[in-house]
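*Asks:* The structure follows.
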Amino acid sequence: MKQESLTTLQEHWDITYNHALGETGSHFYNALRDEGKILGRRCPACERVLLPPRPFCDRDFVDTTDWVEVGTEGRVEAFTVVFQSFRGLPEAPYCIAYVLLDGADTAVLNYVRGIDWTPGNVPQNIGVGTRVKVAFAEEREGRMTDFWFEKA
Amino acid sequence: MSGAVGIVGVHQEPYGENYSESTLEEMVFRATRRLLEEAGVEREELSNIVTASSDVTDGRAISNMVMAGSTASYFKDSINLSSASEHSFLLAAMQIMSGLRDLTLAISWSKVSESPVDVVQRVASEPYFTRPIGINAMTSYALQASAYEQAYGPDRNLISRVVVKNRRNALDNPLAHLREAPTLEQVNESAPLSWPLTEYDLPPYSDGVCVLLLASEERARVFDGPVAWVRGMGWATGGYWMGERDLTKLPSLEAAAKKAYAMAGIEDPLEQFDAAELHEASSYNEIMQYEALGFAEYGAGEELISEGVTLPEGKLPVNRSGGALSSNPAFASGLVQVAEAALQVTGRAGERQVEGARRALATAQQGFATQGASVVCLEGE
């Protein structure tokens, strides 16, 4: 009997979501786009400045109360240089890092740019503890990609 | 604790790269059918079913509806969980402990070959701040490894020896996905994929199904074979925001272990367990788990590797199955660790059996960089 060939059924979804940013997310992105400022939210209980800004503190389970402008320099807390490209993300190699900006108590994730990511050079070029500064896009759209980090 | 709970059946299909010869529904049906046959149980005898699966991986939402026929759930009590595969086991065990149910299937699966897994994982981030930059399992565990490396400066040779150990262990596991063991040199010299992790430091992605049959003490006595008794269970969810966590430690795993050890009466895990199956999301992560589980002080996890403690012939063999570095049915991996620990304490682990293993530990992790974790302590007879 002839061997039947097995096939797959390819399916492609194209779904658009409209996620509400709320007051906190909206204000953060407006200030980033219009004033080139990075704003965190202070928890009244633990007094930490939370970045990205949160409308409430997970730990204390209370509303955050104040906006605090954080610094545009900080310290790398964790990083990875990615050597594999993924759909919708930058061409490899690229670097993402959690950076503790001066004046913030929690680190924020973004790209680190302007550095040679040849594997052999990675340890000389970046590490946990490396000081970095924020660079802003000239044309800002109110998105996380409106800023990134460069070596300070 | 009211009623005791025992694992009376385990079935895993061989883990592999691509189960393209069958549909997801067939794959799960086949594994569940075989477990019932091996255990000598009719579908009608089951009190209920708890399944766990990832809707985005499957491309099927509320999947216990679509999977009802495959999971023996037709006109049965069936609940599906999306939080973690081993949560199906934990809920099933609690249902039996409560006395409400007495013979329960816990089932989890992943057919990762049907979707772009690294892309799909990005949906696990919140969409406002993290998803636009993009992290997935690989990069989250690389970020974790970078923080650990800075804090403790582990010896890269010892990290690589975790890979060599687990991949060699997989040679004895006929179900394992990767059954070729690299040399230490190959691991040390491999190119970075997500710095500081290389391809060898990270699990593969496997298709697979894992099915466990749990029974109350009364029902368990009816089965002929040995029973893996559940002595302790603990689980914890840590904070979502990676930027506020101490990435050099695994606090959710530590919290889960504390609860499970208290329930099981474990005071010195290194002395009291005979085998451990850890859901190691990376080579570094296995060392970090040694520390969170109390096998070693913080920063001293690598000593268990240098002293051979976790080798098959060591005091506490870890990942005798080959672990996730050898077989990783992504979402279902946590349940696999529980299954492998059950096989160890019932003397059913075949070539990968740890001689005389009576007490075993299983761990699992969920979310990015160990946000959540579970610990299960099992004991044989």
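*Asks:* Identify all residues within segment A:15-32 that are farther than 25 Å from B:Val56 by Cβ and open to solvent by less than 90 Å² (accessible area, probe 1.4 Å); write none if there are none. Steps first, answer last, please.
*Replies:* Start the filter on segment A:15-32 by keeping residues that are farther than 25 Å from B:Val56 by Cβ, which leaves A:23-24, A:26-32.
Correct list: A:Thr24, A:Ser26, A:His27, A:Phe28, A:Tyr29, A:Asn30, A:Ala31, A:Leu32.
*Asks:* Could you list all residues from segment A:103-126 that are open to solvent by 20 Å² or more (accessible area, probe 1.4 Å) and among the small types (Gly, Ala, Ser)?
*Replies:* A:Gly103, A:Gly114, A:Gly120
*Asks:* Considering only segment A:30-50, state which residues are more than 16 Å from the chain's Cα centre (by Cα), farther than 18 Å from A:Thr65 by Cβ and within 14 Å of chain B (Cβ to nearest Cβ).
*Replies:* A:Asn30
*Asks:* So which pairs qualify, if the first residue must be in segment B:201-228 and under 28 Å from B:Arg161 (Cα atoms), the second must be of a type in the set (Phe, Trp, Tyr), the Cβ gap must be under 6 Å, and the two must be at least 6 apart or on different chains?
*Replies:* Here the result reads B:Ser206/B:Tyr15; B:Asp207/B:Tyr19; B:Gly208/B:Tyr15, each pair linking segment B:201-228 to a residue that is of a type in the set (Phe, Trp, Tyr).
Conditions (1) of a type in the set (Phe, Trp, Tyr); (2) buried (at least 17 other Cβ atoms within 10 Å of the Cβ), marked per residue:
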| position | (1), (2) |
| --- | --- |
| A:Gly40 | no, yes |
| A:Leu50 | no, yes |
| A:Pro55 | no, no |
| A:Arg59 | no, no |
| A:Thr64 | no, yes |
| A:Val70 | no, yes |
| A:Gly74 | no, yes |
| A:Phe86 | yes, yes |
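*Asks:* Let me ask another. Any chance segment B:110-123 includes a residue that's more than 26 Å from A:Leu9 (Cα to Cα) and within 14 Å of chain A (Cβ to nearest Cβ)?
*Replies:* Narrowing segment B:110-123 to residues more than 26 Å from A:Leu9 (Cα to Cα): none.
Among the residues of segment B:110-123, not one is more than 26 Å from A:Leu9 (Cα to Cα) and within 14 Å of chain A (Cβ to nearest Cβ), which makes the answer no.
*Asks:* Working only within segment B:367-381, note down all residues that are polar (S, T, N, Q) and surrounded by fewer than 23 Cβ atoms within 10 Å (Cβ to Cβ). Please lay out each step first, then the result.
*Replies:* Applying the first criterion (polar (S, T, N, Q)) to segment B:367-381 yields B:370-371, B:374.
Result: B:Gln371, single match.
*Asks:* Then there's this: Tell me which residues, restricted to segment B:37-69, are more than 17 Å from B:Phe223 (Cβ to Cβ), of a type in the set (Ser, Thr, Tyr) and open to solvent by 10 Å² or more (accessible area, probe 1.4 Å). First the steps, then the outcome.
*Replies:* Within segment B:37-69, the first condition is being more than 17 Å from B:Phe223 (Cβ to Cβ), and the residues that meet it are B:48-69.
Restricting the remaining residues to those that are of a type in the set (Ser, Thr, Tyr) gives B:51, B:53-54, B:57, B:63.
Matches in segment B:37-69: B:Ser54, B:Thr57.
*Asks:* Specify which of the listed residues (A:Asp146, A:Asp102, A:Asp66) is more than 8 Å from chain B (Cβ to nearest Cβ), touching a Phe, Trp or Tyr at 6+ places or on another chain (Cβ under 9 Å) and acidic (Asp, Glu). Steps first, please.
*Replies:* On the way: A:Asp102 fails: touching a Phe, Trp or Tyr at 6+ places or on another chain (Cβ under 9 Å); A:Asp66 fails: touching a Phe, Trp or Tyr at 6+ places or on another chain (Cβ under 9 Å).
Of A:Asp146, A:Asp102, A:Asp66, the one residue that is more than 8 Å from chain B (Cβ to nearest Cβ), touching a Phe, Trp or Tyr at 6+ places or on another chain (Cβ under 9 Å) and acidic (Asp, Glu) is A:Asp146.
*Asks:* With open to solvent by 40 Å² or more (accessible area, probe 1.4 Å), in contact (Cβ under 8 Å) with a residue 60 or more places away in the chain and more than 14 Å from chain A (Cβ to nearest Cβ) as the only criterion, which of B:Glu13, B:Glu17 stands out?
*Replies:* Details: B:Glu13 fails: open to solvent by 40 Å² or more (accessible area, probe 1.4 Å).
From the options B:Glu13, B:Glu17, the qualifying one is B:Glu17.
*Asks:* Hey, among the residues in segment A:106-127 that are assigned to a loop (DSSP other than H, G, I, E, B) and more than 10 Å from chain B (Cβ to nearest Cβ), which one's farthest from A:Cys57 (Cα to Cα)? If you could, list the steps in order and put the result at the bottom.
*Replies:* Going residue by residue through segment A:106-127, those that are assigned to a loop (DSSP other than H, G, I, E, B) are A:106-107, A:113-118, A:126-127.
Filter once more, keeping what is more than 10 Å from chain B (Cβ to nearest Cβ): A:113-116, A:118.
On the way: A:Arg113: 31, A:Gly114: 34, A:Ile115: 35, A:Asp116: 37, A:Thr118: 39 Å.
This residue is A:Thr118.
*Asks:* If A:Ala135 satisfies all but one of (1) in a loop (DSSP other than H, G, I, E, B); (2) open to solvent by less than 50 Å² (accessible area, probe 1.4 Å), what's the number of the condition it fails?
*Replies:* Failing condition for A:Ala135: (1).
*Asks:* Please go through segment B:142-166 and pick out each residue that is touching a helix residue (DSSP H, G or I) at 6+ places or on another chain (Cβ under 6 Å) and hydroxyl-bearing (Ser, Thr, Tyr).
*Replies:* Residues satisfying the conditions are B:Tyr148, B:Ser160.
*Asks:* Within segment B:296-308, can one find any residue that is more than 15 Å from B:Tyr148 (Cβ to Cβ), among the polar types (S, T, N, Q) and away from chain A (no Cβ under 14 Å)?
*Replies:* Yes; the residues of segment B:296-308 include at least one that is more than 15 Å from B:Tyr148 (Cβ to Cβ), among the polar types (S, T, N, Q) and away from chain A (no Cβ under 14 Å).
*Asks:* Report whether or not B:Val119 is free of Cβ contacts under 8 Å to residues at least 24 places away in the same chain, assigned to a helix (DSSP H, G or I) and open to solvent by 20 Å² or more (accessible area, probe 1.4 Å). Full working, then the answer.
*Replies:* Working: free of Cβ contacts under 8 Å to residues at least 24 places away in the same chain: yes; assigned to a helix (DSSP H, G or I): yes; open to solvent by 20 Å² or more (accessible area, probe 1.4 Å): yes.
When the stated conditions are applied, B:Val119 passes them.
*Asks:* Got a sec? Which of B:Arg122, B:Arg101, B:Arg179, B:Arg161 is over 30 Å from B:Thr71 (Cα atoms) and either of a type in the set (Lys, Arg) or at pLDDT below 95 (or both)?
*Replies:* Values: B:Arg122 fails: over 30 Å from B:Thr71 (Cα atoms); B:Arg101 fails: over 30 Å from B:Thr71 (Cα atoms); B:Arg179 fails: over 30 Å from B:Thr71 (Cα atoms).
On inspection, the qualifying residue turns out to be B:Arg161.
*Asks:* Next up: Residues in segment A:4-14: is at least one away from chain B (no Cβ under 12 Å), open to solvent by 80 Å² or more (accessible area, probe 1.4 Å) and within 23 Å of the chain's Cα centre (by Cα)? Walk me through how you get there before you give the answer.
*Replies:* Our first condition is that a residue be away from chain B (no Cβ under 12 Å); within segment A:4-14, this holds for A:14.
Remaining after also requiring open to solvent by 80 Å² or more (accessible area, probe 1.4 Å): A:14.
When the remaining residues are screened for being within 23 Å of the chain's Cα centre (by Cα), the result is none.
No, the conditions are met nowhere in segment A:4-14.
The values are calculated or read from the model by the stated rules, or taken from the named source; none is laboratory data. In this text the structure is predicted, and so the values were computed from the model without any measurement. All Cβ positions, glycine included, derive from the backbone under ideal geometry; neighbour counts span all protein chains shown. Protein only, heavy atoms only, side chains kept; ligands, DNA and RNA dropped before computing areas. Shrake-Rupley method; radii C 1.70, N 1.55, O 1.52, S 1.80 Å.
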